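Trainee: Sending over a structure as structure tokens; questions will come in a sec.
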Amino acid sequence: MPPSRRQLTLVLTLGMMPVMAQAHGFAQRYDLPVPLTLYITGAAAAVLLSFVVMAIFMRGQRLIGDYPRTNLLLTHVGRLLAHPLLLVLLRLFAVAILLLVVVAGLYGDPNPFKNIAPTMVWVIWWVGFAYVSGLAGNLWAVINPWKTIYEAVEKAMRWLRPGSRLGFGISYPQWLGDWPAVLLLLWFVWAELVWPASDTPANLAQAVIIYSLITWFGMFLFGKHPWLRHGEAFSLLFGLLARFAPTEIRLSGHGNCADCDVQNNTDGINCCECFEQAPRDKREWNLRPWAVGLLVERPISLSRMVFVIVMLASVTFDGLLATPLWTDLGRWMLLSEGLRPMVLILQGITGDAVAAVSTMALMLFVLGFLLIYLAFSGGMRWMLPPSVRAEVSLAVVARLFVLSLIPIALAYHLAHYLSFLMIVGQYMIPLASDPLGLGWNLFGTNLYMVNIGIVDARFVWYTSVIAIVVGHIIAVYLAHAVALRVFQDHRAVLRSQIPMLILMVGYTMLSLWILAQPVIELG
Amino acid sequence: MNWHNGYLVSMAAGLCIWAASGSDEVHAADAGNAAEVVRVEIVLADHKLARESNVIRVIQGQVVELVWLSDEATELHLHGYDVEIQVKPGQHAVMALAAHATGRFPITSHGFGANANGHQTLLYLEVYPGE
């Protein structure tokens, strides 16, 4: 490379330095760092309570088994909430919102705060839906607008030409696993955390259109339900979070799912396809204890394990992006001679040097997360007695325990976004009245001013630290319970859990540490 | 290894840390107590802050006056509270607010000089909850 061009590149990248600290896709965060003492207290509590969980399992108490549950459909409130009319209205509302986001994005005000698209996508849908999925249940499976629209077209087809079926009806290839969803999730995560245009309404609308077309094409190729299970990233994402939730759908006396490709799913728990086809009197909508949906007896697929790792890594990476550590690291990466060729290639693709560096960091971070998890899985396997070890491979151990990390990630997500959701979420009030920024005032709220004092810092600190510590304890508990179910041998269970415990304590400390860092904002 | 002993030891250690943590949760403001006016002078020279720390800490409920002096014209914006002021070269400009909401709020400059263009964080105002 001639020196002049090299110098030019350097000047360009230096010129972009102030924008190095790019936080979450859209809008600002005003979080105060968690005070050091609270951070240490939280970390100590996590370590301490881990030993309490260990001690409970040491005494040989088996706390798992058939968990208690109540069928909500037998109650008045449950029947009202699951009333077909209400569900139809919810679905229509979700379709209307999807259309609104696209129309507002394409034709509305380009200012992200005067257009409903960015707030709807990044705050209400992405952050808000994760809360609903984890804390209440899999609402997304009910209102997914892509599914609703596809079903409407299916119905119209059947009405126009009786007997015809929409789509090619290719049976979903086993080897493809959840890999399409993994790729789409990576794309989404990149768009959220790195993409410089993520808050530009028009670009966001285009991305939504592309994703919609991919989804419908997938459904058209392989059928609606197979694609929702393996390709539609958000069905997988919210579905995994909803395994933590205290509600489930189930079919009484159904046995394993026979008609769909979900293997070994006793009673068709959270299998939408079987649920839709089952007679009404077999359907259950149950209240259950938190987190029991994350207990598995059999390893999940490799692709789904990678999906979970991408999910966990991206949530942590989002927090890391707003810390001073990232500012220094990113600056170092920008100036590093060794990384320059790679940065230039990515800069060509993403159009700016900061995005290039962030893209690289995101990829490395996901990869690092995966390797660390595999290393600790190896540690877990190594701790097993030889007789048990011979029966399980490293991959099997990794695929068995990955779901037990979800409570920590979910708790961190709740903590990290609490004030963001409460403050930035308020933009919905004026935007509801004037979604396209055309000066409308549909509900008389278009002059609403965001109240930045709605949540007190102290409330956010305590909620965050408690959420993370509780999430950690549930995670430790889940991993023990899974180990008990799978390994049987009591000594093997306890020994195998030492590396997992170290990993979880590390993950929890990292989550708390990020919360204790001052937020460095977009310059 | 005796797990039971390990458990007791860590329980004791945890309790000690917990006990120690209660006492020192104090965030000293740069000046003053609640309900007083906190006045901080900030000098900008050559587009940069002429002070060591880029964080100003106050306590919720205080009235804050940030007095700016710059060698070049600029427009300053306190995010969150949404206070905007124009600064003329060599003249004091006051950014006043009642710190009712807690948080960490960036103050950015929308560029310097005649052809002002840009967005640069100069410092952060941190409003901590009161005792």
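The values are calculated or read from the model by the stated rules, or taken from the named source; none is laboratory data. Remember, predicted model here, so these are calculated numbers, not experimental data. All Cβ positions, even for glycine, are placed from backbone atoms using ideal geometry, and neighbour counts span all protein chains on display.
Trainee: Taking interchain pairs and intrachain pairs at least six residues apart, which have beta carbon atoms under 6 angstrom, with the first residue in the stretch A:362-385 and farther than 30 Å from A:Thr350 by Cα and free of Cβ contacts under 8 Å to residues at least 12 places away in the same chain and the second surrounded by 17 or more Cβ atoms within 10 Å (Cβ to Cβ) and of a type outside the set (Asp, Glu)?
Mentor: So the pair list comes out empty.
Trainee: Go through the stretch A:299-330 and report how many residues are without any contact (Cβ under 8 Å) to a residue 60 or more places away in the chain and touching a Leu at 6+ places or on another chain (Cβ under 8 Å).
Mentor: Residues meeting the conditions: 1.
Trainee: Starting from residues that are among the small types (Gly, Ala, Ser) and modelled with pLDDT of 70 or more, keep the ones in the stretch A:256-283 and report whichever is farthest from A:Leu294 (Cα to Cα).
Mentor: Within the stretch A:256-283, the match that is farthest from A:Leu294 (Cα to Cα) is A:Ala278.
Trainee: Something else now. In the stretch B:61-78, how many residues are assigned to a strand (DSSP E or B) and without any contact (Cβ under 8 Å) to a residue 60 or more places away in the chain?
Mentor: 12
Trainee: Kindly state which helices (runs of 4 or more DSSP H) lie completely within the stretch A:81-176 and contain at least 2 residues that are assigned by TED's automatic domain parsing to the domain that holds A:Gly239 and closer than 25 Å to A:Ser303 by Cβ.
Mentor: Hits in the stretch A:81-176: A:129-135, A:139-143, A:145-160.
Trainee: What is the residue count in the stretch A:227-256 for residues that are touching a Leu at 6+ places or on another chain (Cβ under 8 Å), part of a helix (DSSP H, G or I) and under 21 Å from A:Ser171 (Cα atoms)?
Mentor: Residues that pass the stated criteria total 6.
Trainee: So, of the residues in the stretch A:46-83 that are farther than 28 Å from A:Tyr412 by Cβ and either polar (S, T, N, Q) or touching a Cys at 6+ places or on another chain (Cβ under 8 Å) (or both), which turns out to be modelled with the lowest pLDDT?
Mentor: It comes out as A:Gln61.
Trainee: Quick check, is A:Leu510 away from chain B (no Cβ under 13 Å) and in contact with a helix residue (DSSP H, G or I) (Cβ under 9 Å, 6 or more places away or on another chain)?
Mentor: Against the criterion (away from chain B (no Cβ under 13 Å) and in contact with a helix residue (DSSP H, G or I) (Cβ under 9 Å, 6 or more places away or on another chain)), A:Leu510 qualifies.
Trainee: Moving on. Considering only the stretch A:372-382, I want to know if a residue exists there that is at pLDDT 90 or above, within 17 Å of A:Tyr507 (Cα to Cα) and touching a Phe, Trp or Tyr at 6+ places or on another chain (Cβ under 8 Å).
Mentor: yes
For (1) among the polar types (S, T, N, Q); (2) surrounded by fewer than 21 Cβ atoms within 10 Å (Cβ to Cβ); (3) more than 30 Å from A:Val486 (Cα to Cα), each residue gets a yes or a no:
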position	(1), (2), (3)
A:Val47	no, yes, no
A:Met58	no, yes, no
A:Gly78	no, yes, yes
A:His83	no, yes, yes
A:Asp109	no, yes, yes
A:Phe113	no, yes, yes
A:Ala130	no, no, no
A:Ser133	yes, no, no
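Trainee: Moving on to the next point. Only one residue in A:Leu436, A:Leu478 is away from every other protein chain (no Cβ under 14 Å), under 18 Å from A:Val53 (Cβ atoms) and in contact with a Phe, Trp or Tyr (Cβ under 9 Å, 6 or more places away or on another chain), so which one is that?
Mentor: One residue alone meets the criteria, A:Leu478.
Trainee: Which of the residues that make up the stretch B:79-110 are out of contact with any strand residue (DSSP E or B) (no Cβ under 7 Å at 6 or more places or on another chain) and free of Cβ contacts under 8 Å to residues at least 12 places away in the same chain?
Mentor: B:Asp82 - this is the single residue of the stretch B:79-110 that is out of contact with any strand residue (DSSP E or B) (no Cβ under 7 Å at 6 or more places or on another chain) and free of Cβ contacts under 8 Å to residues at least 12 places away in the same chain.
Trainee: Confirm whether B:Gly6 is at pLDDT 90 or above and within 12 Å of chain A (Cβ to nearest Cβ).
Mentor: no
Trainee: Got a sec? Which of A:Leu320, A:Leu339, A:Leu312 is surrounded by 17 or more Cβ atoms within 10 Å (Cβ to Cβ) and farther than 21 Å from A:Trp179 by Cα?
Mentor: Within the list A:Leu320, A:Leu339, A:Leu312, the selection yields A:Leu320.
Trainee: Can you find even one residue in the stretch A:201-218 that is part of a loop (DSSP other than H, G, I, E, B) and surrounded by fewer than 20 Cβ atoms within 10 Å (Cβ to Cβ)?
Mentor: Looking through the stretch A:201-218, none of the residues is part of a loop (DSSP other than H, G, I, E, B) and surrounded by fewer than 20 Cβ atoms within 10 Å (Cβ to Cβ).
Trainee: Which number in (1) in contact with a Gly (Cβ under 9 Å, 6 or more places away or on another chain); (2) free of Cβ contacts under 8 Å to residues at least 24 places away in the same chain; (3) not basic (Lys, Arg) marks the one condition that A:Leu442 misses?
Mentor: Condition (1) is where A:Leu442 drops out.
Okay, residues lined up against (1) at pLDDT 95 or above; (2) touching a His at 6+ places or on another chain (Cβ under 8 Å); (3) in a strand (DSSP E or B):
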{"residue": "B:Gln91", "(1), (2), (3)": "no, no, no"}
{"residue": "B:Pro106", "(1), (2), (3)": "no, yes, yes"}
{"residue": "B:Leu122", "(1), (2), (3)": "no, no, yes"}
{"residue": "B:Gly130", "(1), (2), (3)": "no, no, no"}
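Trainee: Moving to a separate point now. Check A:Leu447, A:Leu484, A:Leu503, A:Leu478 and return the single one that is at pLDDT 95 or above and not β-branched (Val, Ile, Thr).
Mentor: A:Leu503
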